[in-house]
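Remarks on the structure that follows.
The values are calculated or read from the model by the stated rules, or taken from the named source; none is laboratory data. Nothing here was measured: the structure is a model prediction, and the numbers come from that model. In this analysis, Cβ positions are derived from the backbone assuming ideal geometry, glycine residues included, and neighbour counts consider all displayed protein chains. For the accessible areas, the whole protein counts, side chains as well, though only heavy atoms, and no ligand, DNA or RNA atoms are used. Shrake-Rupley method; radii C 1.70, N 1.55, O 1.52, S 1.80 Å.
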Amino acid sequence: QVQLVESGGGLIQPGGSLRLSCAVSGIRFRMNDMAWYRQVPGNQRELVAAITNIGTTNYAESVKGRFTISRDNAANTVYLQMNSLKPEDTAVYYCNAQYRDFLAWGQGTQVTVSS
């Protein structure tokens, strides 16, 4: 059974930091490309950051220089370090795993940036 379980979300003040984690089971984690998406109610889900199975990273322009995606293949976990958070970063953040025609999503974790 494939499971992607996000954690680490919460309420944070502007300028603060959070680290999201996504623990993955049921797949060959090291073979999958991993990504973080986010979604605000009424909007489409958007790509935040991605990391390939060999560690190549890609970021949305809005988070470059503030967010860092990383993976630990031994722990089957992908991370999203979020610094200098802004109110516009408020969203539900989803973890995503992809390998060829396989695609899986986590249940999401809420991040709220507010004073």
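Per the listing MET82, MET31, the residue uniquely at pLDDT below 95, in contact with a strand residue (DSSP E or B) (Cβ under 6 Å, 6 or more places away or on another chain) and either over 15 Å from GLU6 (Cα atoms) or hydrophobic (A, V, I, L, M, F, W, C) (or both) is MET31. TRP36 - would you say it is over 20 Å from LEU11 (Cα atoms) and aromatic (Phe, Trp, Tyr)? Spelling it out, it is not the case that TRP36 is over 20 Å from LEU11 (Cα atoms) and aromatic (Phe, Trp, Tyr).
Looking across segment 30-77, the residues that are open to solvent by 50 Å² or more (accessible area, probe 1.4 Å), of a type in the set (D, E, K, R) and in a strand (DSSP E or B) come down to ASP33, GLU46, ASP72.
Can you pull out every residue in segment 1-20 that is part of a strand (DSSP E or B) and either free of Cβ contacts under 8 Å to residues at least 12 places away in the same chain or surrounded by fewer than 17 Cβ atoms within 10 Å (Cβ to Cβ) (or both)? Those that are part of a strand (DSSP E or B) and either free of Cβ contacts under 8 Å to residues at least 12 places away in the same chain or surrounded by fewer than 17 Cβ atoms within 10 Å (Cβ to Cβ) (or both): GLN3, VAL5, SER7, GLY10, LEU11, ARG19. So in segment 78-115, with the set limited to residues that are over 12 Å from the mean Cα position of the chain (by Cα) and in a strand (DSSP E or B), which one is surrounded by the most Cβ atoms within 10 Å (Cβ to Cβ)? Across segment 78-115, the extreme among qualifying residues is VAL113. Of all residues in segment 85-115, those satisfying the criterion of being closer than 18 Å to ASN32 by Cβ and small (Gly, Ala, Ser) are ALA97, ALA104, GLY106.
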